[in-house]
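Chemist: Below you'll find the structure I mean.
The values are calculated or read from the model by the stated rules, or taken from the named source; none is laboratory data. Predicted model only: the values in this text are computed from it and were never measured. Neighbour counts run over all protein chains shown; Cβ positions are idealised from the backbone, glycine included.
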Amino acid sequence: MSSEANTGGCLGKPMKRKEDPRFIQGKGRYVDDITLPGMLHMAIVRSPYPHAEITSIDVSEAMKVPGVKAVITGKDLDAAGLGWLPTFHGLDKQMVLAIGKVLFQYQEVAAVFAETRAAAADGAEAVQVEYAPLPVVADPFTARKDEVLLRPDREQKTNHIYHWEVGDKDGTARALESSPKRISQRIWFQRCHPAPLETCGCVAQFDTMGRLQFYVTSQAPHVYRTALAIVTGIPEDKIHVVSPDIGGGFGNKVPVYPGYVCAIVGALKLGRPVKWIETRTENLTSTGFARDYHMDVEIGAGADGRITAMHVATTADHGAFDAAADPTKYPAGMFGIVTGSYDVPAAHAEVDAYFTNKAPGGIAYRCSFRVTEASYAIERAMDILADELGIDAAELRRRNFVRKDQYPYQSRLGFTYDSGDYDRTLQLALDRIGYTQLLKEQAEKRVRGELMGIGFSTFTEVVGAGPSKHFDILGIKMFDSAEIRIHPTGAGIVRAGTKSQGQGHETTWAQIVAEELGLDPQNIMVEEGDTDTAPYGLGTYASRSTPVAGGAIALAARRVREKARKVAAHLLEVGESDVEWKDYKFQVKGVPAKTVTMKEVAFAAYTNMAQNEPGLEASYYYDPPNMTFPSGAYVAVVDIDRETGEVKVRKFLAVDDCGTIINPLVVEGQIHGGLTEGFAIAFMQEIQYDGEGNNLNTNFTDYLLPTSLETPQWETAKTVTPSPHHPIGAKGVGESPNVGSPAAFVNAVVDALSPLGVRHLDMPITRDKVWRAIRAAEIGTVVA
Ligand code: CDP
């Protein structure tokens, strides 16, 4: 029928991001851009003490500040049954505003509502709180002694939150014991923070119908709606959550924060909309931190380098509340991926988590729930083992890789790896980086006393939470969803339960629909983040969007196609079974000249549908059968100035395998961004507390973000091993560079320093730390 140009075939094409013209022209619409008539502003009074009893709160002076309308405290909220908030993990609860005592510096103590942001801030300053300081527990090792009980509100009278373990404890111990070689190392992944450029915030309004309109920086708007209904008692149909454009989330915008509840209470109490936008300091000091895992890693091996066993015992610092937003069954997230890319015959991993007087969190910062910590531990330990055995670090990895013929591979710690080709990925990395030449150069430099290092990380992740048999948050299974509606002219809209925070979903979701239906991706609109219109989904974090929502979108599109086939049969005047989908068109089987395009079918679905149901739309709720297992081989090359300790990353190559690639340009952007974050974590970032529980990194002069001046040049390459169970073979990619890169950087630095006898350094690897390590080696003692 038609000879119209083929509009399909857009999967894998580097289409420019549809959302970028809006963003680069400053036309994004963020929460802080929302201004409603009569809107009040909220500011939060925060504790200067890490642990103290609240002896009194006097709000009288604050109420005299011009413009201040109300102040609420923990007592007010407690009286209304809103004193505590369940954490997403479901194992704990968190005070909304402090009741009785504060448990970390910058904890929320009171909320002030005023006509302007400045008046709210002045009002917050004027609230007088008397504190009686209590002994501070500033680390998990002190916490475990239980000398000071931090959470008397809990039934369990201990600072210990949970013990989690997986694997064969006794078998691993026996295997370690009989291993010819053993290494052990405490590896700390320091506390860091996602620090999105847009801080968290919200606008709460009860409309004329008494319905809560809640605009919020949320990575999971539907879960927020349900959580708010549970916490506040407002029926879920009376809650409308909208996540407009989001300026970066990285896991930081998954938890429901106390400020959100306060803003809603203020809006209800005062009958006016309330806006709350965090300051940078509030974001860094009170919202979800990441990592803070002290990992004692032990590996056994034969003299040939074959690993015989692995044991990891982790001590985790969760801060004042267990606010890690992990799926219910996994208090330590996906830490079981700690055997990485290696076929480890005996393994056991355990995590003990403790409360301390620090901000709560443990969120999945660009990470599938503790995969980054696990990946760092194994990749760092592999280098220590290589060093101990005198085997080349790349060769040791190769000897232990899960082989291509072992898939689906059952790891000893409970995961079934879907696919991978680690040898090929590493080989590509070695060839591209010119490893043989680099080794030669390094040997020559070592003779001259110069410090050059080569570091590898050949990681495997587990992303796409997840299959409903294992994964839920607050009991809600972790499926995701898509709804597709094709309009008469062949344009359309796809709505998904995810929420992009810069990942480019407006482009890649359109590409999936266009690929499946032979339509123009430019005319497929993507809508996310509005709970009134989008189907229920669990949101965007932990690289779950492509593995889960990406699958839902492809399958919803295939449902649309099945419906379209009936209309096509009518147009082609044949039976439905005589119609096939070929080259992005419907065709009469065996008659290539008789075709009809999806665009023509779409028009007919509204104008000439014969006996078929009018319209062209479908939805799909996708419960993935398994996680996906992206992998990569990263290589860092560094030079270190022996006099100053300055580390220069001369080269960095990231070879990633994320299965089928939807959009290489978007993937490239994800890799560059994540590598830059990994670089910052390796060399610059730590949320430090002193021994008294004071936060030392409260703004961007103390918590450093790399600029283009510090950031190395990134080189990238890809291998493609499709996921066998995902509808289009795609695996997640967003977090891979953040997961994989820290170990490569640290391994390169330690490799450079290894002639001096340096075996391990904890991140962040600052110039000062390197300088001290060099001086210590030179004078044979530690430099204070
Ligand atoms: O969940 P999140 O969006 O953060 O991470 P993701 O699923 O890894 O996707 C990040 C971006 O990369 C999305 O726009 C994906 O569609 C895109 N992507 C891709 O083009 N091809 C892949 N194989 C994986 C992701």
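Chemist: Can you find even one residue in the range 492-499 that is of a type in the set (S, T, N, Q), farther than 30 Å from Arg642 by Cβ and in contact with a His (Cβ under 9 Å, 6 or more places away or on another chain)? I'd like the intermediate steps shown before the answer.
Modeler: Of the residues in the range 492-499, the ones of a type in the set (S, T, N, Q) are 498.
Then keep just the ones that are farther than 30 Å from Arg642 by Cβ; that gives 498.
Applying the additional criterion that residues be in contact with a His (Cβ under 9 Å, 6 or more places away or on another chain) yields 498.
Taking every residue of the range 492-499 in turn, at least one turns out to be of a type in the set (S, T, N, Q), farther than 30 Å from Arg642 by Cβ and in contact with a His (Cβ under 9 Å, 6 or more places away or on another chain).
Chemist: If you don't mind, another one. Which pairs have Cβ atoms under 6 Å, sit 6 or more apart or on different chains, and link a residue in the range 318-338 that is assigned by TED's automatic domain parsing to the domain that holds Cys367 and in a loop (DSSP other than H, G, I, E, B) to one that is of a type in the set (Gly, Ala, Ser) and surrounded by fewer than 24 Cβ atoms within 10 Å (Cβ to Cβ)?
Modeler: Pairs that qualify, where the first residue is assigned by TED's automatic domain parsing to the domain that holds Cys367 and in a loop (DSSP other than H, G, I, E, B) and the partner is of a type in the set (Gly, Ala, Ser) and surrounded by fewer than 24 Cβ atoms within 10 Å (Cβ to Cβ), are Thr328/Gly90.
Chemist: Moving on. Right, Pro14: outside any strand (DSSP E or B) and either surrounded by 14 or more Cβ atoms within 10 Å (Cβ to Cβ) or free of Cβ contacts under 8 Å to residues at least 60 places away in the same chain (or both) or not? Steps first, answer last, please.
Modeler: Working: outside any strand (DSSP E or B): yes; either surrounded by 14 or more Cβ atoms within 10 Å (Cβ to Cβ) or free of Cβ contacts under 8 Å to residues at least 60 places away in the same chain (or both): no.
When the stated conditions are applied, Pro14 does not pass them.
Chemist: Within the range 338-369, track down each residue that is in contact with a Ser or Thr (Cβ under 8 Å, 6 or more places away or on another chain) and within 16 Å of the ligand (Cβ to nearest atom).
Modeler: The answer is Tyr365, Arg366, Ser368.
Chemist: Mind listing whichever residues of the range 386-412 are farther than 19 Å from Tyr634 by Cα and surrounded by 22 or more Cβ atoms within 10 Å (Cβ to Cβ)?
Modeler: Answer for the range 386-412, where residues must be farther than 19 Å from Tyr634 by Cα and surrounded by 22 or more Cβ atoms within 10 Å (Cβ to Cβ): just Ser411.
Chemist: Can you confirm whether the range 749-771 contains a residue that is within 16 Å of the ligand (Cβ to nearest atom) and either acidic (Asp, Glu) or not assigned by TED's automatic domain parsing to the domain that holds Thr508 (or both)? Can you show your working first?
Modeler: First pass over the range 749-771, keeping only residues within 16 Å of the ligand (Cβ to nearest atom): none.
No, the range 749-771 contains no residue that is within 16 Å of the ligand (Cβ to nearest atom) and either acidic (Asp, Glu) or not assigned by TED's automatic domain parsing to the domain that holds Thr508 (or both).
Chemist: Identify all residues within the range 544-569 that are farther than 17 Å from Glu527 by Cα and within 16 Å of the ligand (Cβ to nearest atom); write none if there are none.
Modeler: So the first thing to find is which residues in the range 544-569 are farther than 17 Å from Glu527 by Cα, and the list is 544, 547, 555, 558-569.
Those that are farther than 17 Å from Glu527 by Cα and within 16 Å of the ligand (Cβ to nearest atom): Arg544, Pro547, Leu555.
Chemist: Sticking with this one: Any residue at all in the range 35-55 that's out of contact with any Cys (no Cβ under 9 Å at 6 or more places or on another chain), assigned to a loop (DSSP other than H, G, I, E, B), more than 25 Å from Glu282 (Cβ to Cβ) and modelled with pLDDT under 95? Outline the logic, then answer.
Modeler: The initial filter retains those residues of the range 35-55 that are out of contact with any Cys (no Cβ under 9 Å at 6 or more places or on another chain), namely 35-41, 43, 45-55.
Checking the rest, the ones that are also assigned to a loop (DSSP other than H, G, I, E, B) come to 35-39, 47-51.
Then keep just the ones that are more than 25 Å from Glu282 (Cβ to Cβ); that gives 37.
Among the residues that remain, those that are also modelled with pLDDT under 95 are: none.
No, that holds for no residue.
Chemist: Restricting to the range 612-636, what's the tally of residues that are closer than 15 Å to Pro724 by Cβ and surrounded by fewer than 24 Cβ atoms within 10 Å (Cβ to Cβ)? Reasoning before the result, please.
Modeler: Going residue by residue through the range 612-636, those that are closer than 15 Å to Pro724 by Cβ are 624-631.
Subsequent filtering for residues that are surrounded by fewer than 24 Cβ atoms within 10 Å (Cβ to Cβ) retains 625-626.
Residues meeting the conditions: 2.
Chemist: Can I ask one more? Tell me which residues, restricted to the range 512-543, are touching a strand residue (DSSP E or B) at 6+ places or on another chain (Cβ under 6 Å), within 11 Å of the ligand (Cβ to nearest atom) and β-branched (Val, Ile, Thr).
Modeler: Val526
Chemist: Tell me yes or no: at least one residue of the range 683-698 is farther than 30 Å from His505 by Cβ and either within 16 Å of the ligand (Cβ to nearest atom) or hydrophobic (A, V, I, L, M, F, W, C) (or both). It would help to see each step written out before you state the result.
Modeler: Let us first name the residues in the range 683-698 that are farther than 30 Å from His505 by Cβ, namely 683, 686, 688-698.
Filter once more, keeping what is either within 16 Å of the ligand (Cβ to nearest atom) or hydrophobic (A, V, I, L, M, F, W, C) (or both): 683, 696.
Yes: the range 683-698 contains one or more residues that are farther than 30 Å from His505 by Cβ and either within 16 Å of the ligand (Cβ to nearest atom) or hydrophobic (A, V, I, L, M, F, W, C) (or both).
Chemist: Right, another one. Could you pull out the residue among Val137, Val129 that is in a loop (DSSP other than H, G, I, E, B) and either in contact (Cβ under 8 Å) with a residue 60 or more places away in the chain or at positive phi (or both)?
Modeler: Working: Val129 fails: in a loop (DSSP other than H, G, I, E, B).
Exactly one of Val137, Val129 is in a loop (DSSP other than H, G, I, E, B) and either in contact (Cβ under 8 Å) with a residue 60 or more places away in the chain or at positive phi (or both), namely Val137.
Chemist: Looking only at the range 103-149, how many residues end up being within 28 Å of Asp292 (Cα to Cα) and touching a Gly at 6+ places or on another chain (Cβ under 9 Å)?
Modeler: Residues flagged as within 28 Å of Asp292 (Cα to Cα) and touching a Gly at 6+ places or on another chain (Cβ under 9 Å) within the range 103-149 amount to 9.
Chemist: Within the group Thr698, Thr707, which residue is hydroxyl-bearing (Ser, Thr, Tyr), surrounded by fewer than 20 Cβ atoms within 10 Å (Cβ to Cβ) and out of contact with any helix residue (DSSP H, G or I) (no Cβ under 7 Å at 6 or more places or on another chain)?
Modeler: Testing whether each residue is hydroxyl-bearing (Ser, Thr, Tyr), surrounded by fewer than 20 Cβ atoms within 10 Å (Cβ to Cβ) and out of contact with any helix residue (DSSP H, G or I) (no Cβ under 7 Å at 6 or more places or on another chain) leaves just Thr707.
Chemist: Among strands (runs of 3 or more DSSP E) lying entirely in the range 397-496, which contain 2 or more residues that are β-branched (Val, Ile, Thr) and touching a strand residue (DSSP E or B) at 6+ places or on another chain (Cβ under 6 Å)?
Modeler: On the way: elements: 451-457, 480-486, 492-496.
Where strands (runs of 3 or more DSSP E) fall fully within the range 397-496 and carry at least 2 residues being β-branched (Val, Ile, Thr) and touching a strand residue (DSSP E or B) at 6+ places or on another chain (Cβ under 6 Å), they are 480-486, 492-496.
Chemist: Being more than 9 Å from the ligand (Cβ to nearest atom) and not in a loop (DSSP other than H, G, I, E, B) is the filter here, so list the residues in the range 497-511 that pass it.
Modeler: The answer is Ala510, and nothing else.
Chemist: Right, here's the next one. From (1) over 15 Å from Ile44 (Cβ atoms); (2) in a strand (DSSP E or B); (3) not small (Gly, Ala, Ser), pick out the condition that doesn't hold for Leu85.
Modeler: Only one criterion in (1) over 15 Å from Ile44 (Cβ atoms); (2) in a strand (DSSP E or B); (3) not small (Gly, Ala, Ser) is unmet by Leu85, namely (1).
Chemist: I need the full set of residues from the range 337-356 which are over 26 Å from Asp92 (Cβ atoms) and either among the hydroxyl-bearing types (Ser, Thr, Tyr) or within 20 Å of the chain's Cα centre (by Cα) (or both), in order please.
Modeler: Thr339, Gly340, Ser341, Tyr342
Chemist: So which residues in the range 413-424 are closer than 22 Å to Glu715 by Cβ and buried (at least 23 other Cβ atoms within 10 Å of the Cβ), if there are any at all?
Modeler: Step one: list which residues in the range 413-424 are closer than 22 Å to Glu715 by Cβ, which gives 420-424.
Gly420, Tyr422 - these are the residues of the range 413-424 that are closer than 22 Å to Glu715 by Cβ and buried (at least 23 other Cβ atoms within 10 Å of the Cβ).
Yes or no, residue by residue, for (1) surrounded by fewer than 18 Cβ atoms within 10 Å (Cβ to Cβ); (2) in contact (Cβ under 8 Å) with a residue 60 or more places away in the chain; (3) among the basic types (Lys, Arg); (4) not assigned by TED's automatic domain parsing to the domain that holds Lys69:
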| position | (1), (2), (3), (4) |
| --- | --- |
| Cys192 | no, yes, no, yes |
| Val203 | no, yes, no, yes |
| Val223 | no, yes, no, no |
| Tyr257 | no, no, no, no |
| Ile264 | no, yes, no, no |
| Leu284 | no, yes, no, yes |
| Tyr293 | no, yes, no, yes |
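Chemist: A further question follows. Testing Asp762 on (1) touching a Ser or Thr at 6+ places or on another chain (Cβ under 9 Å); (2) surrounded by 15 or more Cβ atoms within 10 Å (Cβ to Cβ); (3) at negative phi, one condition comes back false. Which one is that?
Modeler: Checking Asp762 against (1) touching a Ser or Thr at 6+ places or on another chain (Cβ under 9 Å); (2) surrounded by 15 or more Cβ atoms within 10 Å (Cβ to Cβ); (3) at negative phi, the one that fails is (1).
Chemist: Within the group Ser723, Ser708, Ser631, which residue is without any contact (Cβ under 8 Å) to a residue 24 or more places away in the chain and not basic (Lys, Arg)?
Modeler: That would be Ser708, the only listed residue that is without any contact (Cβ under 8 Å) to a residue 24 or more places away in the chain and not basic (Lys, Arg).
Chemist: List the residue pairs whose Cβ atoms are under 6 Å apart, where the first residue sits in the range 655-682 and is touching a residue at least 24 places away in the same chain (Cβ under 8 Å) and near the ligand (Cβ under 9 Å from one of its atoms), the second is among the hydrophobic types (A, V, I, L, M, F, W, C) and part of a helix (DSSP H, G or I), and the two are 6 or more positions apart or on different chains.
Modeler: Pairs that qualify, where the first residue is touching a residue at least 24 places away in the same chain (Cβ under 8 Å) and near the ligand (Cβ under 9 Å from one of its atoms) and the partner is among the hydrophobic types (A, V, I, L, M, F, W, C) and part of a helix (DSSP H, G or I), are Ile661/Val667.
Chemist: Hey, Leu103 hits all of (1) within 30 Å of Tyr541 (Cα to Cα); (2) in contact with a strand residue (DSSP E or B) (Cβ under 7 Å, 6 or more places away or on another chain); (3) among the aliphatic types (A, V, I, L, M) but one; which does it fall short on?
Modeler: Just one mismatch for Leu103, condition (2).
Chemist: Ok, one more. Looking at the range 616-654, which of its residues are in a strand (DSSP E or B) and within 16 Å of the ligand (Cβ to nearest atom)?
Modeler: At the first step, the residues of the range 616-654 found to be in a strand (DSSP E or B) are 617-622, 628, 631-640, 647-654.
Selection gives Tyr622, Thr628, Ser631, Gly632, Ala654.
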